[in-house]
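Worksheet: one structure, shown below.
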Amino acid sequence: MMLSVPAAAVTLLVAWIQPSYALYFHIGETEKKCFIEEIPDETMVIGKYRTQLWDKQTGSFLPSTPGLGMHVEIKDPDTKIILSRQYGSEGRFTFTSHTPGEHQICLHSNSTKMALFAGGKLRVHLDIQVGEHTNNYPEIAAKDKLTELQLRVRQLLDQVEQIQKEQNYQRYREERFRMTSESTNQRVLWWSIAQTFILIVTGIWQMRHLKSFFEAKKLV
């Protein structure tokens, strides 16, 4: 009973900080859709998608033809391309992050090559899994011949590892935020000093100018 509470807490925490999610969106003939995913370093990401083409006759989305594919491009926080590849109407892409931060995941169709698509809409179903959610535990259990308890321990270890990566990423973000705040405060300080110096110089110049004016008028 003592072990069940921490295990449940670990599971809930991981589910909160690193959920997998699925969505769908529509794109036009030359449109590109991009998504931002905040990912810790050394974390695996798996994306799966399938496409549906709008059919005017039936008024619904139908499975796309094999010739209609998607181009997937992944950029790391330094805007370096880590994946750029053409896939089919259904596909699966995988990459591992080496730099913590916001990764850009972009998809666009090769619709310019398809007369069938001209002027139509394409629905893309996208499923992105991050961290331990990328593991296929039934397959791992069958391959390594793990018991149910051993598999559960393996899952908990993976979740703890992902928590550590997420904590390191949060510390990295806090450090960057602190550096940005200190830099901003320093700039504000120097700007205040510069303003004060300009006011003092302007005051001195005005006093000397007024003195010269009164002397020229023989008022003093």
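The values are calculated or read from the model by the stated rules, or taken from the named source; none is laboratory data. Source: prediction; values computed, not measured. Methodologically, a virtual Cβ is constructed for each residue, glycine included, from the backbone with ideal geometry; neighbour enumeration extends over all protein chains shown. The accessibility values were calculated without ligands, DNA or RNA, using every heavy atom of the protein model including side chains. Shrake-Rupley method; radii C 1.70, N 1.55, O 1.52, S 1.80 Å.
Put Ile198, Ile27 in order of accessible area, largest first, 1.4 Å probe: what do you get?
The most accessible residue leads, giving Ile198, Ile27.
Rank these by accessible area, largest first, 1.4 Å probe: Arg154, Arg123, Arg92.
Descending order: Arg92, Arg154, Arg123.
Compute for the stretch 36-102: radius of gyration divided by Kirkwood radius, i.e. Rg/Rh, restricted to C-alpha atoms, rounded to two decimals. Don't jump to the answer; show the numbers that get you there.
Details: Rg = 15.3 Å, Rh = 13.7 Å.
My calculation of the ratio gives 1.12.
Excluding ligands and nucleic acids, what accessible area in Å² is computed for His108 using a 1.4 Å probe, to the nearest 10?
60
Extension gain Leu83-Trp54, at 0.36 nm per residue separation less the Cα-Cα distance, in nm? Walk me through the numbers on the way to the answer.
Working: separation 29, 0.36 × 29 = 10.44 nm, distance 2.84 nm.
Going from the current span to full extension adds 7.6 nm.
Run down the aspartates and glutamates and flag those whose C-alpha is under 14 Å from the C-alpha of Lys75, throwing out any fewer than 8 positions away in its chain.
Glu37, Glu38, Asp41, Glu102
What is the calculated FRET efficiency for Asn135 to Met179, with r their C-beta to C-beta distance and R₀ = 45 Å, to the nearest 0.05?
Approximately 0.80, to the nearest 0.05.
Of Lys48/Lys121; Lys48/Lys145; Lys32/Lys165, which sit over 25 Å apart, Cα to Cα?
Lys48/Lys145; Lys32/Lys165
Please compute the per residue accessible area over the stretch 152-220 with all protein chains in place, 1.4 Å probe, rounded to a whole number of Å².
Value returned for the stretch 152-220: 89 Å² of accessible area per residue.
Of Leu151, Asn135, Ile200, which is farthest on the positive side of the dipole of the stretch 56-211, counting Cα position, with +1 on Lys and Arg Cβ, -1 on Asp and Glu Cβ, and the Cα centre as origin?
Among Leu151, Asn135, Ile200, the one farthest towards the positive end of the dipole of the stretch 56-211 is Ile200.
Points 7 angstrom from Cα along the Cβ direction at Val201 and Gln104: gap in nanometres?
For the pair Val201/Gln104, the computed spacing is 4.1 nm.
Which log10 I(q)/I(0) values, to two decimals, does the stretch 31-165 give at q = 0.13, 0.15, 0.16, 0.21 Å⁻¹ under the Debye formula with one point per Cα?
-0.68, -0.82, -0.88, -1.15
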